[in-house]
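Nothing in this text is a laboratory measurement; each read-out follows from the coordinates by a stated rule. Model, not experiment: these values are computed from the prediction. Counting neighbours? That spans all protein chains shown, and the Cβs are built from the backbone with ideal geometry, glycine included.
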Amino acid sequence: MTATFLGLEAALYAAFMTLDLTGGSGDPVKYASIAVCLVFSVLFARRGGNRLMAAAMALTLGADTFLLLLNDWYGAGVALFCGVQGLYLVRILRRCGRSLWGLRLFLVGAAWAGLWALGLLSPLNLLAAVYFANFLVNACQALSLSMPLFAWGLCLFLLCDVCVGVHNQPELFPGWLAAFAQVGMWLFYLPGQVLLVLSGRKKEDIS
């Protein structure tokens, strides 16, 4: 089943990256690739894998419905991604028992102060700051655990979101970086999601 999953995702990845690089619209293919992640995360969970990963992928697909497919209701999409990071925090707590709430609150406050200094305060940006601060701490914590697929999946996912930030505020960055971010978002996003799905397999399915 793992080989089938990887084969499908590789084909979809090649298809939408080709469309992105040639000026086509790969959004439907991108959305399909996340739907495939959800399907296989559920299948792995039914075989004794991690159910949290299936729930996280369901929220991820919901977020991408707003942010990618509908290109609307961005606050709802970011809120769903906050839920995704909440589920990943639960998984981390089950392994290390540390929430690091003090650090999380400090980073949120620092991010809000930065938004204020840049004149970028808005309800959506405030919510995005909460999301990103918690995501950053989750990714750093995951690197200290013995879950390499989960950790590297989060890191690639984080790189995607860095690209999203650059893409949304191109005036703050060099032109070459803003141009790379356009492609870099999904260059990192799908591989990260694939690793996260694979991290939820039952040990007997990992080979």
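Report the label-to-label distance for A35 and L70 in nanometres (one decimal), using points 7 Å from each Cα along the Cα→Cβ vector.
Placing both labels 7 Å beyond Cα along the Cβ direction yields 1.6 nm.
Among 182-194, 111-123, how do they line up from the highest to the lowest mean number of other beta-carbon atoms within 10 Å?
In descending order of packing, they fall as 182-194, 111-123.
Kindly provide the Kirkwood hydrodynamic radius of region 56-207 in Å, to one decimal, from all pairs of distinct alpha carbon atoms.
For region 56-207, the Kirkwood estimate is 16.2 Å.
Measuring from label point to label point, each 7 Å out along Cα→Cβ, what is the R98 to L177 span in nm?
Taking the simple label geometry, R98 and L177 are separated by 2.9 nm.
May I ask you to list, by number, the DSSP H helices of the chain whose Cα span along the axis is at least 24 Å and whose average Kyte-Doolittle hydropathy reaches -1.0 or more?
Helix filter hits for the chain: 2-21, 27-46, 74-96, 101-118, 123-143, 148-168, 175-199.
Taking R0 as 22 Å, what FRET efficiency do you get between A10 and V162 from their Cβ-Cβ distance, rounded to the nearest 0.05?
E(calc), rounded to 0.05, equals 0.40.
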